[in-house]
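**Student:** The structure under discussion is supplied below as structure tokens; questions concerning it will follow.
Only the coordinates and a few stated rules stand behind these numbers; no lab work does. All of these numbers come straight from a predicted model, not from anything done at the bench. Reconstructed Cβ throughout: ideal geometry from the backbone, glycine too, with neighbour counts over all protein chains shown.
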Ligand code: 26W
């Protein structure tokens, strides 16, 4: 109905073309004669943005009018990737756009390729947030995301002479998907002092007189749902000097540089995404980012709540806030401060509201990733917040002491303040104490947090406060968009695309297991995706790979716990084995292409050594004529969301081989299986639940179990530590200089050989090699392999982020979808 009222709501290619031409000629002020691909992208983006805006406004108006509970997802990272393809597919207008662009002389694939990824995240945590936004909109939940608008997203990775080089990612040049809201600003304060005051009734209260003010400006991005008019909002804050802060005194007295310097200091807050994944480094600017974003978001949320004219007690009936890891934990303190200092509620009333509002998701148990801030830093930057943290801790410890008298050990173990030198604020504990639910992201992980880092809190609060919501992915981007041919084939079997909104329908694919034509098309799609990747590999690395070889892929952030070193040591072992064979024997071997991709944090030397080793092994193996197509080793530069969309559909086998108990969930494992690839993996994170769903015949599991890791580590340190002989042979080869100066790789070897092998590379090596041999054998039987992949896809229904979001909505947020009807 609304379409008739809006000329911009094109439905035909002719109308779409008119919109593109209009945007080229007026918005971009160019002529169609010199409309290049970049201009065509911009105009196409603007045309789709126009039609999003209408629905976006209507969704927001409706949410406000109905006054229903909203969820706010606070995440320091949103790894959105590209928006255009997604917007076209969600609106079911990609065919229209394709035909229209074709008329105008463009190929839609080339136009899509023009867009920069919105790369505001490191890896799993940020991409999960993006999948969640897609599901929230698709399921019509009233939801907003809140994050930071980094000027520089995750760095771009170049490989030069086998080494990673970081290049800044300036992505904002032209971004049709964001709407600056220069009228939506919040002044954010830092530093200063706290004064004790009394109000006119003689009641004492605290007043924070800040030393620095920075302005937060909102930038909004529309988040379209699939096959629904619902369009949610992602609000990202950008920092600039507060209007009163530009120092005209300095400016007029000729001190231009220093007045501009203040401006730049303010803008620094949202300048750059910290590129550490799973490593906390206690930098003041990072804490400033966290508070800046949290304070702006809460001001916004409270402002919206106040318009509803409800009483404060009703706040949790209208507002749920989810903390994506501990990064936004200061929101707990900030809300308590707003309620007590500014709104003048009693401490207990305020604390009830706060704890009913927040939920906290934990994404890691790695000790080096758990956030702790020095008390002195907090005292200086956020003096009033530190006082409140101390009070929260005091009341909490008093309550614990009451329930468990005389257990001083317990008190010091659970204290939010760690009594170390220097004293530290433990953010995870603060998040637990200030939330009504705490969840892990896969069953094993949720069990682990209950028995390790939060064990005492389970005693204190009881087990019901802790729950599990197993991660999942959006099938719209990770099947329909990334692998359109597979999506079409599935739709042809299932009678339409409803499975994209109810992924459990995939189970019907098992009925087609014996359908020859279907199987053939299934295999052809995989092959076509491999051909496309092979072309990309040739174009970017100049290595020719055979698309009939087994494509073995490990793409994710480079980290010792994810064990890319195990993979590359395994590759070297394979190379040595092949070299030792006679030419006749070699002919019987299964050809393989080992593909790696992923970024190392700039200061993470071990990770950088791993990248270097992979590249050097590649340059030796790839030109070895004895080996030929039997083994190729590829490092794909600058792994990101849009590359993932090409790489994942082309994989036969993907590696998810973290030391058991270290990978909280993993989500790419799900993406690979959903695209008809199999997994080699450890019993870790979501691999375990994937196995439960698809069956253990359809996954290649290996290695030690999480329950045995502690004992093995202990044995390495205190007992005798014998290393796997085949791994030692790999080490000798590296040390002979076969893959370049051995010095460069000494640290990788000695971590295993001399420093206790914390990640159990040696303990799992034999099992890994044997399991890889099993993979070769399985792959030889292509019919069986296809059966395994179809069966696996059919059983992946559980891993839709729609299921995941419904669980959060019911168990944690207590929110309902907003029915959308014909009035849209
Ligand atoms: C403060 C430094 C820092 C930065 C990022 C610490 C921790 C992080 C993230 C929590 C790391 C992360 O992305 N964790 C991943 O979260 C995914 C989504 O739940 C899981 O699938 C991955 O297993 C987990 O590593």
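**Student:** Is the shape of the stretch 335-437 best called rounded, prolate or oblate, per the rule: a/c under 1.5 gives rounded, else a/b larger than b/c gives prolate, else oblate, with a ≥ b ≥ c the square roots of the Cα gyration tensor eigenvalues?
**Tutor:** Rounded.
**Student:** When only Cα pairs under 8 Å and 6 or more residues apart are kept, what is the percent relative contact order across the stretch 50-154? Spell out each step's value before the answer.
**Tutor:** Working: 102 pairs, mean separation 45.1, N = 105.
Answer for the stretch 50-154 is 43 percent.
**Student:** List 287, 674, 511 from most exposed to least, where exposure is judged by having the fewest other Cβ atoms within 10 Å. Spell out each step's value before the answer.
**Tutor:** Numbers: 287 19, 674 25, 511 12.
Starting with the residue having the fewest Cβ neighbours, the order is 511, 287, 674.
**Student:** Cα centroid distance between the stretch 494-528 and the stretch 52-81, in Å?
**Tutor:** 34
**Student:** Quick check: convex hull of the Cα atoms in the stretch 727-798, volume per residue, rounded to a whole Å³? Mind dumping the intermediate values first?
**Tutor:** Values: hull volume 10.9 nm³, N = 72.
Considering the Cα atoms of the stretch 727-798, their hull volume per residue is 151 Å³.
**Student:** Right, next: Simple spin-label model, 7 Å along Cα-to-Cβ: residue 423 to residue 110 in nm?
**Tutor:** The two pseudo-label positions are separated by 6.5 nm.
**Student:** How many angstrom lie between the Cα centre of the stretch 549-564 and the Cα centre of the stretch 643-685?
**Tutor:** Taking the Cα centre of each part, the stretch 549-564 and the stretch 643-685 sit 9 Å apart.
**Student:** Among DSSP beta bridges whose residues both lie in the stretch 213-366, state the antiparallel percentage, nearest 5.
**Tutor:** Numbers: 11 of 15 bridges.
Roughly 75 percent of the DSSP beta bridges within the stretch 213-366 come out antiparallel.
**Student:** Continuing with this model, one more query. To the nearest 0.05, how large is the calculated FRET efficiency for residue 205 and residue 646 if R₀ is 60 Å and r is the Cβ-Cβ distance? Before the final figure, lay out the partial values.
**Tutor:** Working: r = 58 Å, r/R0 = 0.96.
With a Förster radius of 60 Å, E is 0.55.
**Student:** Which value at 222 nm does the chain reach when only helices count, each DSSP H run of 4 or more adding -39,500 (n - 2.57), with the total divided by all residues and rounded to the nearest 500 deg cm²/dmol? Kindly include the intermediate steps, with their values, before the conclusion.
**Tutor:** Numbers: 33 runs with 375 residues, N = 824.
Roughly -14000 deg cm²/dmol at 222 nm, from the helical runs in the chain.
**Student:** I want the antiparallel fraction of DSSP beta bridges within the stretch 38-192, as a percent rounded to 5.
**Tutor:** Numbers: 9 of 13 bridges.
Here the share of antiparallel DSSP bridges comes out near 70 percent.
**Student:** What does the extension gain come out to for residue 267 and residue 708, with contour length at 0.36 nm per residue minus their alpha carbon separation? It would help to have the intermediate numbers written out before the result.
**Tutor:** Details: separation 441, 0.36 × 441 = 158.76 nm, distance 4.85 nm.
Full extension from residue 267 to residue 708 adds 153.9 nm.
**Student:** Tell me, in nm to one decimal, what length is gained between residue 774 and residue 520 on full extension, where the rule is 0.36 nm per residue of separation less the Cα-Cα distance? Could the numbers behind the result be given before it?
**Tutor:** Values: separation 254, 0.36 × 254 = 91.44 nm, distance 2.40 nm.
Taking 0.36 nm per residue and subtracting the Cα distance, the gain is 89.0 nm.
**Student:** If I model a spin label as a point 7 Å beyond the Cα along the Cα-Cβ vector, how far apart are those points for residue 380 and residue 620 in nm?
**Tutor:** 4.8
**Student:** Relative contact order for the chain: what is it in percent, counting Cα pairs under 8 Å that are at least 6 residues apart?
**Tutor:** Values: 1455 pairs, mean separation 109.7, N = 824.
Across the chain, relative contact order equals 13 percent.
**Student:** Let me ask you something else. Considering the stretch 1-114, what Rg and Dmax in Å follow from its alpha-carbon atoms?
**Tutor:** For the stretch 1-114, the Cα radius of gyration and maximum Cα-Cα distance read 16.0, 50 Å.
**Student:** Same structure, new question: State the antiparallel share, in %, of DSSP beta bridges confined to the chain, rounding to the nearest 5.
**Tutor:** Details: 40 of 86 bridges.
Counting DSSP beta bridges with both partners in the chain, the antiparallel share is about 45 percent.
**Student:** Another one. If r is the Cβ-Cβ distance from residue 27 to residue 99 and R0 is 22 Å, what FRET efficiency results, to the nearest 0.05?
**Tutor:** Numbers: r = 22 Å, r/R0 = 1.00.
Plugging the Cβ-Cβ distance into 1/(1 + (r/R0)^6) gives 0.50.
**Student:** With N set to the residue count of the stretch 173-330, report its C-alpha Rg divided by 2.2 N^0.38 Å to two decimal places. Walk me through the numbers before you get to the answer.
**Tutor:** Numbers: Rg = 18.9 Å, N = 158, 2.2 N^0.38 = 15.1 Å.
Against the empirical 2.2 N^0.38 Å value, I get 1.25 for the stretch 173-330.
**Student:** Could you tell me which of rounded, prolate or oblate describes the chain, using a ≥ b ≥ c as the square roots of the eigenvalues of the alpha-carbon gyration tensor, with rounded for a/c under 1.5 and, failing that, prolate when a/b is larger than b/c and oblate otherwise?
**Tutor:** Oblate, because a/c is 1.5 or more while a/b does not exceed b/c.
**Student:** Could you work out how far the C-alpha centroid of the stretch 89-113 sits from that of the stretch 418-491, in angstrom?
**Tutor:** That distance is 38 Å.
**Student:** Is the shape of the stretch 402-451 rounded, prolate or oblate, going by the alpha carbon gyration tensor and its root eigenvalues a ≥ b ≥ c, with a/c under 1.5 for rounded and a/b larger than b/c for prolate? Don't jump to the answer; show the numbers that get you there.
**Tutor:** Numbers: a/c = 2.04, a/b = 1.51, b/c = 1.35.
Verdict is prolate for the stretch 402-451.
**Student:** Would you mind ranking 397, 279 so that the residue whose beta carbon has the fewest other beta carbons within 10 Å leads the list?
**Tutor:** Numbers: 397 18, 279 14.
Ranking 397, 279 by Cβ neighbours within 10 Å, fewest first, gives 279, 397.
**Student:** Quick one: 219, 141, fewest Cβ neighbours within 10 Å first, how do they rank? Each step should come with its number before you reach the end.
**Tutor:** Details: 219 22, 141 26.
The most exposed by this proxy come first: 219, 141.
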